[in-house]
Each structure stands twice: as structure tokens, then as C-alpha cells.
Number of protein chains: 4
Amino acid sequence: MNYRDIREACCEANLALPQTGLVDLTFGNVSVLDADAGVFAIKPSGVEYDALTPADMVIVDLDGAIVEGSLRPSSDTPTHRRLFQAFADAGVRSVVHTHSRNAVAFAQAGQDLPCLGTTHADHFDGPVPCTRWMRPEEIATDYEWNTGEVIVECFAQRKLSAANVPAVFVRGHGPFAWGERADKAVAYAQALEICADMALKTAALQPGMQSIPDALLRKHFDRKHGKNAYYGQG
Amino acid sequence: MNYRDIREACCEANLALPQTGLVDLTFGNVSVLDADAGVFAIKPSGVEYDALTPADMVIVDLDGAIVEGSLRPSSDTPTHRRLFQAFADAGVRSVVHTHSRNAVAFAQAGQDLPCLGTTHADHFDGPVPCTRWMRPEEIATDYEWNTGEVIVECFAQRKLSAANVPAVFVRGHGPFAWGERADKAVAYAQALEICADMALKTAALQPGMQSIPDALLRKHFDRKHGKNAYYGQG
Amino acid sequence: MNYRDIREACCEANLALPQTGLVDLTFGNVSVLDADAGVFAIKPSGVEYDALTPADMVIVDLDGAIVEGSLRPSSDTPTHRRLFQAFADAGVRSVVHTHSRNAVAFAQAGQDLPCLGTTHADHFDGPVPCTRWMRPEEIATDYEWNTGEVIVECFAQRKLSAANVPAVFVRGHGPFAWGERADKAVAYAQALEICADMALKTAALQPGMQSIPDALLRKHFDRKHGKNAYYGQG
Amino acid sequence: MNYRDIREACCEANLALPQTGLVDLTFGNVSVLDADAGVFAIKPSGVEYDALTPADMVIVDLDGAIVEGSLRPSSDTPTHRRLFQAFADAGVRSVVHTHSRNAVAFAQAGQDLPCLGTTHADHFDGPVPCTRWMRPEEIATDYEWNTGEVIVECFAQRKLSAANVPAVFVRGHGPFAWGERADKAVAYAQALEICADMALKTAALQPGMQSIPDALLRKHFDRKHGKNAYYGQG
């Protein structure tokens, strides 16, 4: 069995999804990139989580060819592949896709998640964006690849850094999150779901979502992620 | 013990209901049809879930006669029977009834659940309908049979396929879901509850529920359920 | 140890409260009446649930005297006592008090819970009422006894039967429920919490809560509780 | 290992946070003061909860010097220190900080939590306040210390007693709670989260939050916390 490291990290992260409550039924998947080898491990399609082993992970290269694996990879594989192509330079080594319920509400409402508090600012350097609708021709052909395309387009048009805003809502669909390791990508997916929950509750108290002052956003993001970060045991 | 297969599938699916969180107290039941034998297994009425065994399942024929079983079948048995009569040709072999809370909200509000996102489109080919109110005379006589009747009428009037829209809300009551196997029927009941939760949250962000474009609905439904489905290991 | 039956039923029902999610921290209590002996068992005040044993239950008579027990009884004991005095003739043998969150919302909003669906009608024969505010002089003296008084007054003024509507909201406080056995009283407290949750969600979809037609309420209540009930194994 | 008592109480209380559901990921921390020694134990920064032992707790004095500990203390340490300085005279021996979701909604909406019912009055003698926004210069320098400052300022300006109102919302951030022991501080953090949940649900039923009459607030607060308290086994 080759690519043992990414197989194990990928399997563990996929198993974490139902444990964190992010995923119901089989609605989610995680991939992990070996950037040097130019391949990534991804969950097989439509398999129950409790049965997954590292050997079940499918190894796919960045051109989309299956390198190792007897199972069919997740149908979302081309989306993951497109994101690795575009975001690997920003340090992205793992992508998580879920249909977690609060995040899906933002995707279905077609709304960005503004930075309403420090929980958000601890993870995301500004609003988490929602993509535009995909066009009929983008849906008809290479749908999953084009799902990645609209994400990449969204980040380019808004001049967002995938390193600093490690998540997105795909309109009418749901969230993708990513990170420099599989456990971090899962943690960003969790943070997104939590911040979306907090935002729904905040909006119930106070219509019209008010972002926090920029100084507070900068402080919280930078104390965890900036050059002079002092959070954690770093 | 005859009809062991449907007894076991029925018992297992009934036990799955409280585990999935779909059912509180004793508010739910599952039936499983043996189409060749023309009989179905169903949960006994008002029995605690943790005590259920396959031998407790009651075997009922499509005319409503008890074929095997010492316990009284679920009071909802005539509804299940009516649905098997009408929908067996569409491949339905299991019916699930719950009072899951988000789905009940749609039944109580008398609203269809529109297709607001791809989670919905992965399971239901368009809106999940809500029936009309039952009339006093339908309630007074053969109430449970007539509950099935209003479902069948609703699908006929709206020209819906029970195979493609495997769930309904009975107005003022709650959801029924179905499928070609017991585990699939339970999964549709779960998917309905999840989509109803997502819809409630979406509506909190954006009043007036906006359905996804038809191309996106078609893509997601067909990639799982269409002729050229490519989701899962099938 | 005397009164073993009511001690055990009372202890078991108190332990059920945190398991059902009805009770956070130590916010709840259950009592069980031995009508022949004219005494009831009740939870001691402010004790952690995980440490409770039948021997810890305090035995109190209907005049409020402690018959057996080294611990102080729940501070809500006079409320339970007042309810047993008034409702024992209606068959009430157990009273449950919780601060379950959805039910508390109705108590805090000062609103009755209308019968919005069959889940409600399966348990409560019409709206669950909310009492009036207690007056300053009722609060200043014999507060807990007077809490029972406003419940009894509410049922008398509205001509409600404690047997058919086994729950109430005390305004600004929370729910009480009761039944002919401890497990049934707990089940009514659960049903109330569930129906309140469903009502909150229904109201989010459709402002202005619409009760179900009376024929449907009658059908569901009577098929479980009426003379010709046919639900359960009867 | 010195300061064993506060290390153990601090570790146990930190471990309680994820068990109570108050804390997701690593978003929370508890400190415990030894007032005689003038030092407190606090969680190390950014460490997973399941790995914490009493030996990992960091011992810090009231001037901010690390007295014992090889790990970096929580980045929120100066906030805890400021609160101990200001509130130790009110009997505060433990401070809890969480990002619990309902409480964060009030912080993000910049709203006080009014006393809507007796659950609130059992714990808090009036509204739980929300601080003002921190100013850019307070954020730029000594941010965490100044977070404590705005809490202390809020209590001074509103003439609130830290003993009677053992919690606060920091605007745009989240809740802090405290108490005379670590388990009590955690219980107040839980009570705050529960009351915030109840308030969100009450507001959904009845826009404009109505506080309970003062007599009812006094009764409930005083029967648990007043001179003549009669709740519990005290």
C-alpha cells in the first residue's frame, strides 16, 4: 500500500466528519494532498463512514487519473482537484466538503457570512464568501470540475487569499473548507458551521448583520495567524 | 416463524428510528412489504422501541387481515396498506412514518418543502408536497385508510411519481416516507428531516423560499437516480 | 424503608429527567403519590441527579409534614402538594416540574400552546394553558403553595380537566406536567417539550398559529384516550 | 507539584467545558484562584481538552508573572487576572470564558440578557450586561487586559455586584462567568447559555422581551442566594 500517510490522514479525517456532527448520512468527503507526489487521497463515493479504512481511500493525480484504488472516488473529486490546483500555492493540503446544516443555510440563501464576532475572526480574515449560481452549461458538462471553477473565480474576483479565508459557500449547494493539514481543514469546516449557527442566532436578535470593527478582526486573526501570533504553544 | 426476511428488516428499521433521532417516545413506525407474498410486516402499536424483536412484528395482508402476530399492529396500519396498494408498482417496498420535528413543522404549516438546494435534489425530484386537510367525514370513518387516500390523491392530482418523490407531509399531522428497501425508506425520512431543518434556517436568512434552478435539480437528482447515475459504487 | 414503591418510582422518574434532556443542571423534580396512604415521595432539594437513590426521596404527607427523610425536600414541594390535593380525583398520581427550554419559552411569553397538530392531540385535549402572573402578595407569602393555586385557578376558570390536559405553563416560570403514573407524567413533560418545539418551528414558517380542525383533535385524542381507544396493546 | 488544589480544580473544570457542550474545538478556558497565595491556575493556550492534566495548568501570579509551568498560559490570561483583581473582594475564585453559541449571539448583537423568567432569576440578580465595544487603542495595546477593563468598567458604571450578577457579555466576543468555586463558575456559564437559549425562543414567540415582575425576581434570587435562602441542603 503506497501513499500510506495521506491514506491514513484522509481516512481519519473522513471518520471525524460524522463524529463532529458535520455530516449526516453520507453527505461529505475529505481529500488530502501529497504535493511532492502530485496525488491526493479521497473518500470513495457513497460508502458508509463506519466501514472506511485507509486502504479504501482512492489515490488520484492532479490530472484526474486514478493512481491506486479499486473503489470509485467521490463524485466530487474534480472539485477537490480544481481546488488543489488553484490553492496548493497558498499551502492548502486538504479539502473538506460537507452539507452541514447552518452553512448550507447560507449557501441556500446565497449570502456571505459576515464577520460578526471574534469566533469568526479567530478563523477567517473577513467574510466567508458565497459563489454565484452555476450556469446551465457549467452544470451540463464537467459539473464537479466547474464547481471548483466558480470557487476559484470567486476568490480571484474578490481578491481573497485561500490561506486567510479557508472556506466558501457554493450557491444552492453547501460549504467547502480547506487547510494545511486534514485536521485543520476539518476544524475550519467545524468553525464555519459554528459561526453560521451564531450568525443565525444573532440575526434573530438583531436584523441586519453588523460586522465587528476592523481593529478587532485584525487583532483576533493576527494573534492566531499573523507574523507575531501568540496563541497556542507555537 | 414465517416471513423472517421482512420481520428482520422491519424490526431493524424500527429500531433505527430512535437512533437517528427521528422519533421521540413511541411516535413512529416502519413497515416492509413482501410483494410476492402480498403481505407486509409492521411495528406493533404503542410498544417501546428497546423491547422490539422480529417476532413482535405483525404480518398483515393487503386486504388488512392479520396473517401472523399476537400483538395489535400499529394503528397506522391502514395508511401503510393504502400506500403499498398505490405505490408498489413504483417499486415501494417499505413505508416509514415519523413525527420528526422539522418535517412536522411543514405539515403543521400546511406548506410544501421546495427544493432549496442540492441536499434536497440528491433525494427528491422537486418539492415534497403537503396534502390537503382531511374532511370531517374522512376522519370519522376509516381515518387511517383515508390518511393514505389523501396522500394518493395528492400524488395523482399533482402527477408526482412515488419513485422520484419518496415522501409527503400529511397536513396537520406529519411526514411519511418510503423506498425500495427499509434502510432506504429510513434514509429518505432522515433526508426529509434534514432538508426541512435547512429550509427553516434558510427562511430565517431570506424570507420567501427560492428554489434552485431546474438544471441544478436535474443534475443532482439524475447523478444519483437517473439512467446514467454515477454516484456510489453501483 | 417504608413506601418503597413510590420511593423507587420517584427516584427512577427523577433520574429519567436528565436522560430525556428535559432537565439541565438541577432544574427539575418529580413526585409520586400513594393516594391510599395520603403521602407522596419527592426529590430532595438541590441534589445532583447522578447521586440519587430511592432512600434519598423525601416522604411528605398532604398537609406538608415530612413523614420520612433526612434531606430537605424540593423547595417546590408545596406546589406538588397543592396539585395532588386538587387533581388526585382526576387520577393524578405523579407530578413533574422542569425548566425544559421550549416549554419555558411559552411560559416566558405568557402564551398558551395551541393544538397545532396530531402530536399535540395525541396527548392533550386542546390548548395547554398558561397561568396568569402571580401577584406580589402571592409571591411574598407561601410562594410555592400559591404557584399550585394559580394552576388550580387556571384549570377551574377555563373548565379544564386535569385528566385530559395533563400539563400547564406557569407564567414567567415553566411547565408542570402530571399523570396517573410517574413514567406517564414524565412522558407528558416530554410530549409538551416536543410540541412546543414543533410550535416554535411552525410559527417560523407561518405567523399566527392555526389550530387543527376539531374533528382531527377529537379523533387523535380519543383513539388514544377515549372510551373506544384502539391505540397500543390496551 | 505545588498548588495542587487549584491545579486539580482548574483541570477538572476545563475538562467539564466540552462535556457540558459549552465549548467547541478549543474555544474556552477556566482559571482558579488561590487568594491567600495570590496566584491562579489557568489552562495552557490552544491545547486539546482530552490531553489536559493538572500538571499542564499554568500558575500565574496577580502581577502576571508565570510562577510554575512549562506551557504558555491561555492568551486570555490577562483578562482573568484583571477580573480576579477587581472581583476577588466579591468572593470570586474562578473565571470561565467560553464561546457558547447562544451567549455569543447576545454578545454579537450587543444586547443585555433581560431577566425573562425564574430560570434566570435563580442565577442572576437582574439583566446580564453586555459591555461597550472596545476602542481601537484598547485593542492595539494590552488587548486581553483591556478586555477585563471593559468588564470592570461596565460593572462599575451600572453599579452591579459581581457576586450577584456572575456573568457578562463582551461585545462582539462572548461570555465570561465566574463564581466562588470552579464548579459554580462553570454552572453559571451553563445557566447563562441556557437562559440565552430560552430568551431566543421567547423572542421568537413575542417580539420585545418582557422582564418578569421584580417581586418574582427577588423571590427566586433570594430563595437560593439571599440571607434566608432555603433552596438546597445548605
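Filtered by the rule that a residue be out of contact with any Lys or Arg (no Cβ under 8 Å at 6 or more places or on another chain), under 22 Å from C:ALA203 (Cα atoms) and open to solvent by 10 Å² or more (accessible area, probe 1.4 Å), the range B:126-138 gives a lone residue, B:PRO127. The number of residues in the range D:208-229 that are over 16 Å from D:VAL165 (Cα atoms), open to solvent by 70 Å² or more (accessible area, probe 1.4 Å) and facing another protein chain (nearest Cβ under 10 Å) comes to 1.
Checked against (1) buried (at least 22 other Cβ atoms within 10 Å of the Cβ); (2) more than 14 Å from chain A (Cβ to nearest Cβ); (3) touching a Pro at 6+ places or on another chain (Cβ under 6 Å), D:GLU8 passes all but a single condition, namely (1).
Within the range C:130-144, track down each residue that is more than 7 Å from chain D (Cβ to nearest Cβ) and within 23 Å of C:VAL32 (Cα to Cα). C:ASP142, C:GLU144, listed by residue number.
Quick one: which residue in D:GLN210, D:GLN233 is of a type outside the set (Phe, Trp, Tyr), at pLDDT below 95 and within 27 Å of A:MET198 (Cα to Cα)?
Of the residues listed, the single one that is of a type outside the set (Phe, Trp, Tyr), at pLDDT below 95 and within 27 Å of A:MET198 (Cα to Cα) is D:GLN210.
So is D:LEU192 open to solvent by less than 50 Å² (accessible area, probe 1.4 Å) and within 10 Å of chain C (Cβ to nearest Cβ) or not?
On the way: open to solvent by less than 50 Å² (accessible area, probe 1.4 Å): yes; within 10 Å of chain C (Cβ to nearest Cβ): no.
Judged against the criteria, D:LEU192 is not a match.
If the condition is being out of contact with any Ser or Thr (no Cβ under 7 Å at 6 or more places or on another chain) and either at pLDDT 95 or above or not basic (Lys, Arg) (or both), then the range D:220-230 contributes D:PHE221, D:ASP222, D:HIS225, D:GLY226, D:ASN228, D:ALA229.
Looking across the range C:61-74 at every residue that is touching a Lys or Arg at 6+ places or on another chain (Cβ under 7 Å) and away from chain D (no Cβ under 11 Å), the one that is nearest to D:GLN190 (Cα to Cα) is identified as C:GLY64. Selection of the range C:33-53 for residues being open to solvent by less than 10 Å² (accessible area, probe 1.4 Å), within 11 Å of another protein chain (Cβ to nearest Cβ) and in a loop (DSSP other than H, G, I, E, B) yields only C:SER45. Scanning the range D:184-210 for residues that are more than 23 Å from C:ALA204 (Cα to Cα) and not in a helix (DSSP H, G or I) yields nothing. No other residue among D:ALA177, D:ALA163 is within 18 Å of the chain's Cα centre (by Cα) and either open to solvent by 10 Å² or more (accessible area, probe 1.4 Å) or β-branched (Val, Ile, Thr) (or both) apart from D:ALA163.
Starting from residues that are small (Gly, Ala, Ser) and in contact with a Gly (Cβ under 9 Å, 6 or more places away or on another chain), keep the ones in the range B:60-88 and report whichever is modelled with the highest pLDDT. Of everything passing the filter in the range B:60-88, B:ALA86 is modelled with the highest pLDDT.
Looking only at the range B:54-74, count how many residues are in a loop (DSSP other than H, G, I, E, B) and more than 20 Å from the chain's Cα centre (by Cα).
Taking the range B:54-74 as the starting set, the residues that turn out to be in a loop (DSSP other than H, G, I, E, B) are B:57, B:62-65, B:69-72, B:74.
The next check asks that each one be more than 20 Å from the chain's Cα centre (by Cα); those that pass are B:63, B:65, B:69-72.
Summing the residues that are in a loop (DSSP other than H, G, I, E, B) and more than 20 Å from the chain's Cα centre (by Cα) in the range B:54-74 gives 6.
Looking across the range B:75-125, the residues that are in a helix (DSSP H, G or I), open to solvent by less than 10 Å² (accessible area, probe 1.4 Å) and more than 14 Å from chain C (Cβ to nearest Cβ) come down to B:HIS80, B:LEU83, B:PHE84, B:THR118, B:THR119, B:HIS120, B:ALA121. Within the range C:211-234, the set of residues being part of a helix (DSSP H, G or I), more than 24 Å from the chain's Cα centre (by Cα) and closer than 30 Å to D:PRO207 by Cα comprises C:ASP214 only. The combined condition, being within 24 Å of B:LEU33 (Cβ to Cβ), buried (at least 23 other Cβ atoms within 10 Å of the Cβ), modelled with pLDDT of 95 or more and more than 12 Å from chain A (Cβ to nearest Cβ), is fulfilled by B:ALA182. Within the range D:145-154, if we keep just the residues that are surrounded by fewer than 20 Cβ atoms within 10 Å (Cβ to Cβ) and either in contact with a Ser or Thr (Cβ under 6 Å, 6 or more places away or on another chain) or among the aromatic types (Phe, Trp, Tyr) (or both), the residue that is nearest to the other protein chains (Cβ to nearest Cβ) turns out to be D:TRP145. Take the conditions (1) modelled with pLDDT under 95; (2) part of a loop (DSSP other than H, G, I, E, B); A:SER161 misses just one of them, which is (1). Regarding D:GLY172, is this residue open to solvent by less than 10 Å² (accessible area, probe 1.4 Å), part of a helix (DSSP H, G or I) and more than 12 Å from chain C (Cβ to nearest Cβ)? When the stated conditions are applied, D:GLY172 does not pass them. Just so you know, in the range C:1-32 the residues that are in a loop (DSSP other than H, G, I, E, B) and under 18 Å from the mean Cα position of the chain (by Cα) include one that is modelled with the lowest pLDDT, and it is C:THR26.
The values are calculated or read from the model by the stated rules, or taken from the named source; none is laboratory data. Since this is a predicted model, take the numbers as computed values, not measurements. Methodologically, a virtual Cβ is constructed for each residue, glycine included, from the backbone with ideal geometry; neighbour enumeration extends over all protein chains shown. Accessible surface areas use protein heavy atoms only, side chains included; no ligands, DNA or RNA. Shrake-Rupley method; radii C 1.70, N 1.55, O 1.52, S 1.80 Å.
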